[in-house]
Each structure stands twice: as structure tokens, then as C-alpha cells.
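Everything on this sheet refers to the single structure shown next.
The values are calculated or read from the model by the stated rules, or taken from the named source; none is laboratory data. In this text, all values refer to a predicted model and were calculated from it rather than measured experimentally. Counting neighbours? That spans all protein chains shown, and the Cβs are built from the backbone with ideal geometry, glycine included. Quick note on the areas: whole protein, heavy atoms, side chains included, nothing else; ligands and nucleic acids left out. Shrake-Rupley method; radii C 1.70, N 1.55, O 1.52, S 1.80 Å.
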Amino acid sequence: MRWIIPFLLATTAEANMLLEDFSDGAERRWQYLSDRVMGGVSDGGAVIGQEDGARFALLAGDVSTANNGGFIQLRRDLVTALPANSTGLEMTVRGRNGPYFVHLRTRDTRRPWQFYQAQFPTSEGWTDVALTWADFSAKGRGLTATLAPTDIVSIGLVAYGRDHAAEVAIRSITVTQD
């Protein structure tokens, strides 16, 4: 019976999959975008930093809804599909002037205004946030109401939808699984 316990512990540890820890090469995996690509006037940027031995990404800037704008974003394309049995995302974040959002794009989000969105709170200290796929709602016409994890092609950290000075950092993203 002793072999059952290590097997169960290994299975539990493998239940979640680290998607991002902002280790070496994160600068190549993530890209900054703003509403300026569509005529907006929001301004900002993103950097990869390190604090107490842990790396993180920082998204900061001024979000403006002027000229039909209203976002700055740090986005990563996914090279491989997420597991079909995944249930959501866990993130370690901090920020000011929240809330902030995660935007997911799928194979079916062909237009810039189509995405799946979930809101999350922040505080000035590092906080763990859990989002299930059910927390994401479809934005833009023509999308299905439910999100299939195997269809996700990118993930974005977004300051969105209102005039504010944005500052949000993310240290890790984990995909939760059954």
C-alpha cells in the first residue's frame, strides 16, 4: 500500500500546468498592444522585471476611452493547445487602480473586438487569483457562449474600458486541471 501515496501525490502535483513564470525568453513570448492600433490614444508599455528572485511582467500606462479607445494589453500567443480537461487559470498578480482583465482569444475570434473576458481584482501585494472558464464571457458578436480550452490561441493581461492610470503585474499563470 505504500506505493499508492507517492502515486497520488504525483497525480495531484501534475493536476496543474505552469503556463508562464516569466523566466528567460519571456520578452519574446509576450507582446505589448494598445488601442492605438485602432485609432485610440491610450499610452503605456510593458517590461519584464525581477524582485526577490522571482520574475514578473509589469503592464503600465494611461488608458483613455477618447477616440473610441480604452485598452493597453500584454499578450502571449499559445504554441500548443491547452488540455481539454483544464478548468481555468490561477495567477499571482498585484496592481493599483484595478480591476483588470484577462482576455482570451480562440480560433473563432477573428475580429479585434472579439474575445472572452474575465475580470479580476488586485491589491498592492502579490495575490493569487483563480478564474474558471465559466468566469469568462464572450465579447463581440458571433462567439459561442461557452469557452473551449482547446480552442484558446492567446492570453492577454488587459487594462480596459475606463479612463485610468493602469499598473498591474503578473508573476505566474497556471492552468488548472481536473
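Just a yes or no: is a residue in the stretch 159-173 open to solvent by 10 Å² or more (accessible area, probe 1.4 Å), without any contact (Cβ under 8 Å) to a residue 40 or more places away in the chain and in a loop (DSSP other than H, G, I, E, B)?
For the stretch 159-173, residues open to solvent by 10 Å² or more (accessible area, probe 1.4 Å), without any contact (Cβ under 8 Å) to a residue 40 or more places away in the chain and in a loop (DSSP other than H, G, I, E, B): absent.
Do any residues in the stretch 23-36 that are free of Cβ contacts under 8 Å to residues at least 24 places away in the same chain have Cβ atoms under 9 Å from those of residues that are open to solvent by less than 100 Å² (accessible area, probe 1.4 Å) and hydrophobic (A, V, I, L, M, F, W, C), where the two are at least six apart or on different chains, and which pairs are they?
Filtered contacts from the stretch 23-36: Glu27/Val47; Glu27/Ile48.
Output the qualifying pairs, or none if there are none: Cβ atoms under 7 angstrom, residues six or more apart or on different chains, first residue in the stretch 134-156 and closer than 18 Å to Asp178 by Cα and in contact (Cβ under 8 Å) with a residue 12 or more places away in the chain, second residue open to solvent by 50 Å² or more (accessible area, probe 1.4 Å) and assigned to a loop (DSSP other than H, G, I, E, B).
Pairs that qualify, where the first residue is closer than 18 Å to Asp178 by Cα and in contact (Cβ under 8 Å) with a residue 12 or more places away in the chain and the partner is open to solvent by 50 Å² or more (accessible area, probe 1.4 Å) and assigned to a loop (DSSP other than H, G, I, E, B), are Pro149/Ala84; Thr150/Ala81; Thr150/Ala84; Asp151/Arg107; Asp151/Asp108.
Given the criteria surrounded by fewer than 14 Cβ atoms within 10 Å (Cβ to Cβ), out of contact with any helix residue (DSSP H, G or I) (no Cβ under 8 Å at 6 or more places or on another chain), modelled with pLDDT of 95 or more and within 24 Å of Leu131 (Cα to Cα), does Leu18 qualify?
Against the criterion (surrounded by fewer than 14 Cβ atoms within 10 Å (Cβ to Cβ), out of contact with any helix residue (DSSP H, G or I) (no Cβ under 8 Å at 6 or more places or on another chain), modelled with pLDDT of 95 or more and within 24 Å of Leu131 (Cα to Cα)), Leu18 qualifies.
Can you name the residue in the stretch 48-80 that is assigned to a strand (DSSP E or B) and polar (S, T, N, Q) and is also least open to solvent (accessible area, probe 1.4 Å) among such residues?
Gln73
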